[in-house]
Amino acid sequence: MAGKSGRTIAHTQNKSLLKRLMCWESMLVILFIVVNIYCSSLSSTYQINNVLREMPKYLTEVFLLLPMAYILVMGDIDISVGSIVCLSATVACILGNKGLPFGLVLLVGLLTGALCGLINGIIVTKFTELPPMIVTLGTQILFRGIAEIALGSGGSISLEHAEGFRMLAGRVGRIPYILFLVLILAVIYIIILSKTTFGRKLYAIGSNKLAAYYAGVKVQKIRLIVFTLTGLMAGLSALFLTALQYGVNTTTASGFEMNAISMAVFGGISTAGGKGRLQGGVIAAFIIISLRVGLGQINLNPQVILIILGALLILAVMAPNIVEQFKLMKKRSSVK
C-alpha cells in the first residue's frame, strides 16, 4: 500500500533472520538440541531406542498441554485435569473389566472426561465472579474423590481384559502410536490457535474479556467449549495412561495439571492471557521429556529432577523480563 510520501507500506512486518533466530521458539529448539547432547554425554544408554521406549508415559501429559494452552491464552486456568484423568481412567478400567466392547469403553472414557470438563465450563461461565482456579480446585478434589470411592478400599484396579488397551500401547516399528497421535493433534491445535478466527478470539478474550465481548465475541460460549475440550483431552490421556499402566490407582495422574501448565509457561505462553504460541509449548514439552528420560537413566533422585525442572521454569519466566530490562538500559544509555 502506497502512502502520501510515495513509499510502499507492507501489509506484514518483515522480520530479519536475526530476529527470527532470537525468538523464544528458536531458542527452545537450540535448548532441545543442547539437552539431548548433554543427556547423551551423561549416559551411554540415552539412545533413540531407549528414549522411544520410555517416552509414552510422559506423552500422556502432552495431551493436556494442548487444550491447557488455549485456557491460558484466554487468561483462565484449569487445575482439575489430573483428577479428570484419574476419574476417566477409573471408569474405563471398571467397564473394561466388565467385558464391555472396547469401542464402548473408549467412548465412555472420553465422554467421562468431556462431562467433567463441561461441568467446569458451566460453573466458570455461569458464575463469572468465581475465579477459575478456585472452581477447578474444588472440582479437582471432587473428581478424584469420586474415583477413590469407585476404586474402593484397595485403592487400585488392574485390567483383566487388556487386549484392546494393548493396541493403544502398541507401536509402528519402534515408534509408539501415542507419539504419532500427539504430533498430529499438536499440528491441529497449533493451526487452530494461530491461523483461525477461533484462535484470534481466544487471544482477544485473554487480552481483555470485556472488550472482546463488546466486539461481538461470544466469550462465555467459547470458554465453555474450551473447558469441555480440555476434559475430552483428559479422557484421551486417561485411556492411553490406563493402557500403559495396565490399571489405575488413587494417585494416577497426580501432578499432571502442574506439568501441563509448566510446559505451556516454559514454552512462552503467558498465564495472564493473550500472549504466547503453542509451538513453544510443544517444543518445551519435548525438552522436559528429554530431561526426564535422560536424568532418569542415570538414576538421579526424582526430587532432584523436579528441582532442575523447577529452576528451568523460573528462568523461562524471568527471561523475557531480563531481556526487556536489558533493552531499556541500552535505550537509556544511548539517549545519554
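Test ALA238 against the stated conditions and say whether it is within 25 Å of ILE71 (Cα to Cα) and either without any contact (Cβ under 8 Å) to a residue 24 or more places away in the chain or buried (at least 19 other Cβ atoms within 10 Å of the Cβ) (or both).
yes
In this structure, does VAL226 turn out to be touching a residue at least 24 places away in the same chain (Cβ under 8 Å), assigned to a helix (DSSP H, G or I) and within 15 Å of PRO67 (Cβ to Cβ)?
Yes: the conditions hold for VAL226.
If you check every pair at least six apart or on different chains, which have Cβ atoms under 8 Å apart with a residue in the range 22-47 that is closer than 12 Å to GLY280 by Cα first and a residue that is assigned to a helix (DSSP H, G or I) and open to solvent by 30 Å² or more (accessible area, probe 1.4 Å) second?
Pairs found: TRP24/PRO320; GLU25/GLN279; GLU25/ILE283; SER26/ARG20; LEU28/ILE283; VAL29/ILE283; PHE32/ILE283; PHE32/PHE286.
Give ILE261, ILE288, ILE269, ILE283 a once-over and let me know the one that is within 13 Å of the chain's Cα centre (by Cα), buried (at least 19 other Cβ atoms within 10 Å of the Cβ), in a loop (DSSP other than H, G, I, E, B) and in contact (Cβ under 8 Å) with a residue 24 or more places away in the chain.
Of the residues listed, the single one that is within 13 Å of the chain's Cα centre (by Cα), buried (at least 19 other Cβ atoms within 10 Å of the Cβ), in a loop (DSSP other than H, G, I, E, B) and in contact (Cβ under 8 Å) with a residue 24 or more places away in the chain is ILE269.
Residue by residue through the range 188-203, note down the ones that are assigned to a helix (DSSP H, G or I) and either touching a residue at least 60 places away in the same chain (Cβ under 8 Å) or exposed (fewer than 12 other Cβ atoms within 10 Å of the Cβ) (or both).
Scanning the range 188-203 gives ILE188, TYR189, ILE190, LEU193, SER194, LYS195, THR197, LEU202, TYR203.
For residues in the range 168-187 being assigned to a helix (DSSP H, G or I), β-branched (Val, Ile, Thr) and open to solvent by 50 Å² or more (accessible area, probe 1.4 Å), which is farthest from THR252 (Cα to Cα)?
Checking each candidate, the answer is VAL187.
So for the range 164-175 (the condition being in contact (Cβ under 8 Å) with a residue 40 or more places away in the chain and closer than 15 Å to THR228 by Cα), does at least one residue qualify?
The answer is no, given that none of the residues of the range 164-175 is in contact (Cβ under 8 Å) with a residue 40 or more places away in the chain and closer than 15 Å to THR228 by Cα.
Let me confirm something: among THR90, THR45, which residue is over 12 Å from ALA234 (Cα atoms), among the hydroxyl-bearing types (Ser, Thr, Tyr) and in contact with a Leu (Cβ under 9 Å, 6 or more places away or on another chain)?
THR90
Can you tell me which condition PHE165 does not meet? The list is (1) within 25 Å of ILE222 (Cβ to Cβ); (2) modelled with pLDDT under 95; (3) surrounded by 23 or more Cβ atoms within 10 Å (Cβ to Cβ), and all the others hold.
Only one criterion in (1) within 25 Å of ILE222 (Cβ to Cβ); (2) modelled with pLDDT under 95; (3) surrounded by 23 or more Cβ atoms within 10 Å (Cβ to Cβ) is unmet by PHE165, namely (1).
Please go through the range 150-162 and pick out each residue that is of a type in the set (A, V, I, L, M), open to solvent by less than 20 Å² (accessible area, probe 1.4 Å) and over 23 Å from GLY117 (Cβ atoms).
ALA162, the sole residue that qualifies.
Give just the number: which of (1) in a helix (DSSP H, G or I); (2) crowded, with 17+ Cβ neighbours inside 10 Å; (3) in contact with a Leu (Cβ under 9 Å, 6 or more places away or on another chain) does ALA212 not satisfy?
(3)
Sort out which residues of the range 298-336 are open to solvent by less than 60 Å² (accessible area, probe 1.4 Å) and either touching an Asp or Glu at 6+ places or on another chain (Cβ under 8 Å) or of a type in the set (Gly, Ala, Ser) (or both), and write them in order of number.
Passing the criteria: GLY310, ALA311, ALA316, ALA319.
The values are calculated or read from the model by the stated rules, or taken from the named source; none is laboratory data. Everything numeric here is computed off the predicted structure, so don't read it as measured data. Using ideal geometry, Cβ is built from the backbone for each residue, glycine included, and neighbour counts are taken over all protein chains shown. The accessibility values were calculated without ligands, DNA or RNA, using every heavy atom of the protein model including side chains. Shrake-Rupley method; radii C 1.70, N 1.55, O 1.52, S 1.80 Å.
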